[in-house]
Amino acid sequence: MDPIPAWSQFMVPVLQVMADGVIRPLRDLRAATAALVGLTEDQLADRFAASGELVASNRIDWAVNTLAQAGALSRPERAQYEISDHGRRLLAGHPDGLTERDLKSTPDESHNRSVNVDNEDLLLAPDPIEQIEQGIARIHAEIAADLLTRLHDRAPEFFEQAVLDLLIAMGYGGAQGKATRTQISNDGGIDGIIDQDALGLSRIYVQAKRYALGSSVLRPEIQAFVGALHGNKAGQGVFITTARFSAGAQTYAKEVPTPVVLIDGPRLASLMIRYGVGVQVRRTVKLVEVDEDFFE
């Protein structure tokens, strides 16, 4: 996927969309700007890992907010935007990009400035929200690596129970369901069973294997797991590991009639962080925005 433009690179396209003088709600302005820039479906669907917020929408919204604060856009109604005379002058004078100096200048200064500016003057830094997202992503990456190392170093029984705890935290097992770790050595390749209902009529069979973090689970191991599922007359299974899955293993899991979900080490760690298994909240930060209803 091609990189999504920085938020500052959306400012001129926003003004170009608004140059027709139409008053637009933010949702329409966002969609029109994305279409003008030519964002692909993959770019439009890309999300921040921490919050799940759409990256492109966040960057366009920040560009709109910055232009509004600079007086290039006005808000005739709540959440409605219209280009101002200052916005038209900015667009006419700087069709190739806006700088911080442009936005802070008076209308006359902006109109008279040359369009040839130094790259250092461009607003290419991530917006504050994105900086927070990047910081959280870095912290989560460090925690994920630590989680996998700790899981790999503990006893197999600990890992198996941690996996079942995660699946229950994710909502599997239902309100009255339960998770049971197989206690016997000849478990037929099944390390845990999750009852989706109180009577155990719907079950998920689990295999949890601690493999070296840099290794791969191969196709024969997934075939053996599927065989264990058939031996237990199971209709669905989850194979979770601290390692990764080979291409052959992934292909086999997709093609086999029995539904088999593969969760590798990186995804396992990500899910543990997301659902609060093996981690605890260190700090909570509240982000606020202006309440438009309050000022109506």
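If you go through region 205-252 and pick out every residue that is within 21 Å of D153 (Cα to Cα) and of a type in the set (A, V, I, L, M), you end up with 7. Take the conditions over 16 Å from S8 (Cβ atoms), of a type outside the set (S, T, N, Q) and free of Cβ contacts under 8 Å to residues at least 60 places away in the same chain and apply them to D61. Does it pass? Against the criterion (over 16 Å from S8 (Cβ atoms), of a type outside the set (S, T, N, Q) and free of Cβ contacts under 8 Å to residues at least 60 places away in the same chain), D61 does not qualify. Of all the criteria given as (1) among the β-branched types (V, I, T); (2) under 21 Å from L167 (Cβ atoms); (3) exposed (fewer than 15 other Cβ atoms within 10 Å of the Cβ), the one not satisfied by T251 is (2). If I filter region 28-48 for residues that are of a type in the set (K, R), farther than 30 Å from G276 by Cβ and crowded, with 16+ Cβ neighbours inside 10 Å, do I get at least one hit? Yes - at least one qualifying residue is present in region 28-48. For the criterion of being more than 30 Å from A141 (Cα to Cα) and surrounded by fewer than 21 Cβ atoms within 10 Å (Cβ to Cβ), G52 fails.
Could you tell me whether region 225-239 includes any residue that is β-branched (V, I, T) and within 24 Å of A50 (Cβ to Cβ)? Within region 225-239, not a single residue is β-branched (V, I, T) and within 24 Å of A50 (Cβ to Cβ).
Could you tell me whether any residue of region 241-262 is over 24 Å from the mean Cα position of the chain (by Cα) and not assigned by TED's automatic domain parsing to the domain that holds H152? No, region 241-262 has no match at all. Is at least one residue of region 236-245 under 27 Å from H140 (Cα atoms) and exposed (fewer than 11 other Cβ atoms within 10 Å of the Cβ)? No - not one qualifying residue is present in region 236-245.
Among the residues here, L73 does not qualify as over 30 Å from A141 (Cα atoms), crowded, with 21+ Cβ neighbours inside 10 Å and at pLDDT below 95.
The values are calculated or read from the model by the stated rules, or taken from the named source; none is laboratory data. Values in this document were obtained by computation on a predicted structure and should not be read as measured data. FYI the Cβ positions are ideal-geometry reconstructions off the backbone, even for glycines, and counts take in every protein chain you see.
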